[in-house]
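Undergrad: One structure, as structure tokens, below. Some questions next.
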Amino acid sequence: KYQPIDSIRSYFGETIALYFGFLEYFTFALIPMAIIGLPYYLFVWEDYDKYVIFASFNLIWSTVILEVWKRGCANMTYRWGTLVMKRQFEEPRPGFHGVLGINSVTGREEPLYSSYKRQLRIYLVSLPFVCLCLYFSLYVMMIYFDMEDWALSLHEDSGSEWTSLLLYVPSIVYAVVIEIMNRLYRYAAEFLTSWENHRLESAYQNHLVLKVLVFNFLNCFASLFYIAFVLKDMKLLRQSLATLLITSQILNQVVESLLPYWLQRKYCARVKRKVQALKSEVDTTLYEQVLLEKEMGTYLGTFDDYLELFLQFGYVSLFSCVYPLAAAFAVLNNFTEVNSDALKMCRVFKRPFAEPSASIGVWQLAFETMSVISVVTNCALIGMSPQVNAVFPESKTDLVLIVVAVEHALLALKFILAFAIPDKPRHIQQKLARLEFESLEALKQQVRAVCLETLLDYIPLAQAPSHCVSFSMDLSVK
């Protein structure tokens, strides 16, 4: 059912309300993909010619849902009064440190830190560390392929049912390793970004998001790209994609919600025993509530939640013509994700401070970038299919040129759709224009009153020549 977004906004603030609104919208937007993908999976599994229609629908779908979300987001934030929120001068981050000095903008004394030193830290320490982590991720990926070869050779030698199940073990192990590496890297990225000593919270968030997205994208999707375009093994691609998607969803549900909730229930039982052992006249109910809320964890923001949806969007959109069931599994996961996130917010973590927001921020750009990459991926996969290659048995150059031409045409169609669909509905644009008009009219009235009052203070009308009176009246009209 639909979420009480306005009630969530009233209790948690606009930032968290927008996340739950986007999660709900994205889940319902996945339903058409799931419905269309189901018959493709059941009836035309190896017929890649028919997947051209499905992949084309996916490419248009990924563009339309992101543009329509902007309109829905504008509706919500206009209703909440944050759509045209002005960005005020940002205060320094609490963790920012430096030598005390005078800020040239505000004139106040505050810590100052050289941007040259910050750039040195970024390019001489952070960037090499990120590259090292990316190399380690690729090294782990090659170990995974060695495990795949070992499991396949073992199955070919014995051919039993147990060894057929063993074929899925490397992908499951690799999915677990990916989740562990993502979480360890997240801690390292947070430490490095804090060590870079960014003055503003917005700069800190931008650098952190960039570090995490680059690593997570390579760590989660590099093996799929390698299977698709180097090994060209579509059967292994389907198996790996299904295993990575399902395993990552199960692990996220357990680690983010079920495990913290279970730990809190155990702590709740200990608190009840402790309170029952008290032999005093204090209000035990209030005391128990204080103890429980004191030990609740701190909610660190919507970063991890958006990141999970971003990776899910990548699994659905990048390889749709190979594994059409990805959208169906994403829908099933998100139906439980809504409730598990609500459980996490209301029962596991302390209520965070409300933060006003006008949109989902940098994540909108991240999703749009992923949709552009999906155009290239799906066009290349269709061009590699045996049926399409059979049309060009001799000249592969013509095939490549046609695939590139189709890819550019679809990219052009995406940008045309993005331009044709306004970010704000027409009635919201009219209301904003009326607000601006009323603000200008109010400003004019204020200027007229001030000008006329100033003239009357310096030139009494009873003693002023007629041309001065007419000049003052004319100025007031202007």
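The values are calculated or read from the model by the stated rules, or taken from the named source; none is laboratory data. Model, not experiment: these values are computed from the prediction. For neighbour counting, all protein chains shown are included, and Cβ atoms are generated from backbone atoms with ideal geometry for every residue, glycine included. We work out accessible area using only protein heavy atoms, side chains counted, and drop any ligands, DNA or RNA first. Shrake-Rupley method; radii C 1.70, N 1.55, O 1.52, S 1.80 Å.
Undergrad: For PHE145, are the conditions met, namely being surrounded by 11 or more Cβ atoms within 10 Å (Cβ to Cβ), among the aromatic types (Phe, Trp, Tyr) and over 18 Å from SER194 (Cβ atoms)? Before the answer, list the steps.
TA: Numbers: surrounded by 11 or more Cβ atoms within 10 Å (Cβ to Cβ): yes; among the aromatic types (Phe, Trp, Tyr): yes; over 18 Å from SER194 (Cβ atoms): yes.
For PHE145, the condition - surrounded by 11 or more Cβ atoms within 10 Å (Cβ to Cβ), among the aromatic types (Phe, Trp, Tyr) and over 18 Å from SER194 (Cβ atoms) - is met.
Undergrad: Okay, next question. Identify, from the list ILE178, ILE246, ILE227, the residue that is open to solvent by 20 Å² or more (accessible area, probe 1.4 Å), within 23 Å of ALA327 (Cβ to Cβ) and of a type in the set (A, V, I, L, M, F, W, C).
TA: Values: ILE178 fails: open to solvent by 20 Å² or more (accessible area, probe 1.4 Å); ILE227 fails: open to solvent by 20 Å² or more (accessible area, probe 1.4 Å).
Selected residue: ILE246, the only one of ILE178, ILE246, ILE227 that is open to solvent by 20 Å² or more (accessible area, probe 1.4 Å), within 23 Å of ALA327 (Cβ to Cβ) and of a type in the set (A, V, I, L, M, F, W, C).
Undergrad: With respect to the numbered conditions (1) within 30 Å of LEU152 (Cβ to Cβ); (2) in a loop (DSSP other than H, G, I, E, B), which one is the sole condition not fulfilled by CYS220?
TA: (2)
Undergrad: If I go through segment 315-353 residue by residue, how many of them are out of contact with any strand residue (DSSP E or B) (no Cβ under 8 Å at 6 or more places or on another chain), open to solvent by 10 Å² or more (accessible area, probe 1.4 Å) and in a loop (DSSP other than H, G, I, E, B)?
TA: Total satisfying the criteria: 5.
Undergrad: Name the single residue that is most open to solvent (accessible area, probe 1.4 Å) among those in segment 380-428 being within 24 Å of PHE229 (Cα to Cα) and assigned to a loop (DSSP other than H, G, I, E, B).
TA: Selected residue: GLU394.
Undergrad: Looking at segment 187-224, which of the residues that are closer than 25 Å to TYR144 by Cα and under 15 Å from the mean Cα position of the chain (by Cα) is surrounded by the fewest Cβ atoms within 10 Å (Cβ to Cβ)? Break it down stepwise before answering.
TA: Applying the first criterion (closer than 25 Å to TYR144 by Cα) to segment 187-224 yields 187-189, 211-224.
Narrowing further to those that are under 15 Å from the mean Cα position of the chain (by Cα): 211-217.
Details: LYS211: 22, VAL212: 22, LEU213: 18, VAL214: 15, PHE215: 20, ASN216: 22, PHE217: 17.
Only one residue fits best here, namely VAL214.
Undergrad: Among all residue pairs at least 6 apart or on different chains, which show Cβ distances below 7 Å where the first residue, located in segment 135-151, is closer than 16 Å to PHE225 by Cα and modelled with pLDDT of 90 or more and the second is open to solvent by less than 70 Å² (accessible area, probe 1.4 Å) and β-branched (Val, Ile, Thr)?
TA: Close Cβ pairs (under 7 Å, with a partner that is open to solvent by less than 70 Å² (accessible area, probe 1.4 Å) and β-branched (Val, Ile, Thr)) amount to VAL140/VAL177.
Undergrad: May I pose another question? Please indicate, with yes or no, whether at least one residue in segment 264-280 is in contact (Cβ under 8 Å) with a residue 60 or more places away in the chain and open to solvent by 30 Å² or more (accessible area, probe 1.4 Å). I'd like the intermediate steps shown before the answer.
TA: First, the residues of segment 264-280 that are in contact (Cβ under 8 Å) with a residue 60 or more places away in the chain: 264.
Of the ones still in play, those that are also open to solvent by 30 Å² or more (accessible area, probe 1.4 Å) are 264.
Within segment 264-280, one or more residues are in contact (Cβ under 8 Å) with a residue 60 or more places away in the chain and open to solvent by 30 Å² or more (accessible area, probe 1.4 Å).
Undergrad: Please go through segment 429-478 and give me each residue that is open to solvent by less than 70 Å² (accessible area, probe 1.4 Å), at pLDDT below 85 and within 30 Å of LEU66 (Cα to Cα), ordered by number.
TA: Correct list: LEU432 only.
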